Amino acid sequence: VLAANVGGRAAGVVRGGVLGGAGAAPRASSSPSGGGSTAEVVSPSLATASELEEELAREKAAAAASGRSRPEVSAAAVASEQEQEQQQQQQQKKMTVALEKTAKRREEGPRRRKDYVASKSASSTPANEEKRTTLRPMWGLDHDEAADAVMALGFGYSRREFARFVSTLRRTRFGGDIVLATEPEERMKSGVAAYLRGERVLAYGFEYECVKKKKNRRRLLMTPAGCQLTNWYARGDQRGPRPLALARYEMYRSWLLNYRPTVWAIVFDFRDTYFQRNPFDIIDRAPTAPNLHLFAENRKVKTVGKCVFNSGWLRCWGKHVPKLYFNRSVVCSGSTMGTQPALLAYTERMIAEFDVMKCHMTPARTESDQGYHNYLYDSGALATLDGVRVVHHEQGTGGLVNTIGAMNGFRVPKHMKGPLDTFWKIRDQEGYLLEYDGSRSAVVHQWDRFHPELVKFIDGLVNDYDSSKKSLRDKREHPLTRSRPSRCPPNRFASRDEASPARAAPRRSDHADALHLDAPSQQSGGDTTLRRGFSVRLLRPLRDGAHPVHTRLLARA
């Protein structure tokens, strides 16, 4: 402090022995720079406070006499020092908070990747949590957040009716999620629960109560008061009675929150839909391509102006609205395809329109969702949704969904309708439905309007899938297919040249009850020769219930 304030004169004070007192004895020491020596004070006792104050006063007086003043600390320097102290305190506080968070994470342990992704996604916000359902899929199954999904509301149906939707879809090698809202397991018809569990269907057993039902009407369109979901939400159904055709959009929304933004999904009518190809294999997933696809009905026989139902549904928005869209195609609400964000925005917009218009409570009692679907598309409301690029496909184009119901409508003149193969010419020789360019449609919607023509073909697809699945299961379970090739004994009849009466003793597998392989030279002329010089000989007649592997082997022989 002395050296800094009196300009180095403290060195002379040290050499003079003022600080050292009477008994101070200076000794020489080399300077760090190597130039000369300086005096280092070795003091047996420190100077008193009064002596230090006196010396400082003398130095100050000497400096004043010589015209020099002791440097004073400016206000700016004081402010700078205070700012630095505040910054250090803030930095210390941040460091303390960071250390506390680190310690807390160590106590909780590492999070799973699934939990991390869920915490980072927008679907985990408090607002979206209220839109989720308290139900979980039956039988311990769960959503694959990275898989494409097909969703529908289907309940009260038989196993065969479920198979026309599910089996034809699985037959296309679709391995993603099939999500259905069904009745609880105890209310399902015979064989339905085992079938859905075997096909890995994510079934939600929802329950509902309806205030009033119209007689002889479909369950989706219960009016006028409608229905409420009794076990879907944690806080109960706050939306009020409405047709299940409208409530299903809340189910779609709840399901979509389980998937990543890169996923594609389709929402379908259940009863009248079957699959011929995997629609996710042909969709354009480019970043600039449309990400919300709608599908229209046949324009030749049905437009908004021609259809009394669709034009009547649009009157909910005003009597003038049907005239505005008189010549527009009817866009079917029973099939909509899109990415997870686009489809989620679509369902949110539909639900918001339900709550505002409540067309099912008007004197017209419009119970269908198709009026909302067409109005939002024709008015351009869907095109204004953030990040949504919407497009509609005319019937028989695009390859995705072929909606054929209007082509056999009861109001269509007889000269404008006929069979799908001879009149419309959209079936190939194998029975598949075609687009107008000759390619097979991926999905056929409203097939029940052509029930006599198509039901046998669809059931044939179901039976074909069931047979192939059973064959694969039998192949995995049969002892012959479980044996390792490395453990099989060497083949003594590898060529015809080795076959002789002495060596051609019948050789029988340990597991074969009805067949054995023999050298062709030992067989009668009635046996059928296989490849590599073998023939099949029946050891005893096949009885009913013989293993299908044996039956197929004989058939191929």
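Selection of the stretch 163-181 for residues being of a type outside the set (Val, Ile, Thr) and within 23 Å of the chain's Cα centre (by Cα) yields PHE165, SER167, LEU169, ARG170, ARG171, ARG173, PHE174, GLY175, GLY176, ASP177, LEU180, ALA181. Return the pairs, sorted by first residue and then second, in which the second residue is open to solvent by 80 Å² or more (accessible area, probe 1.4 Å), the first residue lies in the stretch 185-206 and is of a type in the set (A, V, I, L, M, F, W, C), the beta carbons are less than 6 Å apart, and the residues are 6+ apart or on different chains. Filtered contacts from the stretch 185-206: VAL192/ARG159; ALA193/GLU185. Of everything listed in (1) in contact (Cβ under 8 Å) with a residue 60 or more places away in the chain; (2) exposed (fewer than 15 other Cβ atoms within 10 Å of the Cβ), the single unmet condition for PRO363 is (1). Does ASN298 meet the test of being touching a residue at least 12 places away in the same chain (Cβ under 8 Å), assigned to a helix (DSSP H, G or I) and not aromatic (Phe, Trp, Tyr)? Taking the combined requirement at face value, the residue does not satisfy it. For the stretch 106-163, filtered to residues that are surrounded by 15 or more Cβ atoms within 10 Å (Cβ to Cβ) and of a type in the set (S, T, N, Q), the residue that is modelled with the highest pLDDT is THR133.
Can you tell me which residue in the stretch 348-360 is most open to solvent (accessible area, probe 1.4 Å), limited to those that are in contact (Cβ under 8 Å) with a residue 12 or more places away in the chain and of a type in the set (A, V, I, L, M, F, W, C)? The qualifying residue most open to solvent (accessible area, probe 1.4 Å) is MET357.
May I ask you to list the residues in the stretch 241-291 that are more than 29 Å from LEU454 (Cα to Cα) and in a strand (DSSP E or B)? If the condition is that a residue be more than 29 Å from LEU454 (Cα to Cα) and in a strand (DSSP E or B), then ARG242 is the only one that fits. Name the residues in the stretch 256-273 that are farther than 20 Å from GLY371 by Cα, of a type in the set (Phe, Trp, Tyr) and surrounded by fewer than 24 Cβ atoms within 10 Å (Cβ to Cβ), would you? If the condition is that a residue be farther than 20 Å from GLY371 by Cα, of a type in the set (Phe, Trp, Tyr) and surrounded by fewer than 24 Cβ atoms within 10 Å (Cβ to Cβ), then TRP264 is the only one that fits.
Filtering GLY371, GLY398, GLY387 for residues that are open to solvent by less than 20 Å² (accessible area, probe 1.4 Å) and either of a type outside the set (Phe, Trp, Tyr) or at pLDDT below 95 (or both) leaves a single hit, GLY371.
For the stretch 170-206, taking the residues that are outside any strand (DSSP E or B), open to solvent by less than 40 Å² (accessible area, probe 1.4 Å) and of a type in the set (Ser, Thr, Tyr), the one that is farthest from VAL263 (Cα to Cα) is identified as TYR195. Of the residues in the stretch 186-200, none is at pLDDT 95 or above and within 22 Å of THR339 (Cα to Cα). Restricted to the stretch 427-467, and to residues there that are part of a loop (DSSP other than H, G, I, E, B) and aromatic (Phe, Trp, Tyr), the residue that is nearest to ARG170 (Cα to Cα) is TYR432. Evaluate the following for THR223: is it β-branched (Val, Ile, Thr), crowded, with 18+ Cβ neighbours inside 10 Å and modelled with pLDDT under 95? Yes. Taking the listed residues ARG285, ARG253, the one that is more than 27 Å from TRP424 (Cβ to Cβ), within 17 Å of the chain's Cα centre (by Cα), open to solvent by 10 Å² or more (accessible area, probe 1.4 Å) and without any contact (Cβ under 8 Å) to a residue 24 or more places away in the chain is ARG285, with no other qualifying.
Restricting the search to the stretch 428-476, which residues are among the polar types (S, T, N, Q) and either touching a residue at least 24 places away in the same chain (Cβ under 8 Å) or over 14 Å from TYR274 (Cα atoms) (or both)?
Answer for the stretch 428-476, where residues must be among the polar types (S, T, N, Q) and either touching a residue at least 24 places away in the same chain (Cβ under 8 Å) or over 14 Å from TYR274 (Cα atoms) (or both): GLN429, SER439, SER441, GLN446, SER467, SER468, SER471.
The values are calculated or read from the model by the stated rules, or taken from the named source; none is laboratory data. Everything quoted here is computed from the prediction, not taken from an experiment. Positions of Cβ are backbone-derived with ideal geometry, glycine not excepted, and every protein chain shown enters the neighbour counts. Calculation scope for accessible area: heavy atoms of the full protein, side chains included, ligands and nucleic acids excluded. Shrake-Rupley method; radii C 1.70, N 1.55, O 1.52, S 1.80 Å.
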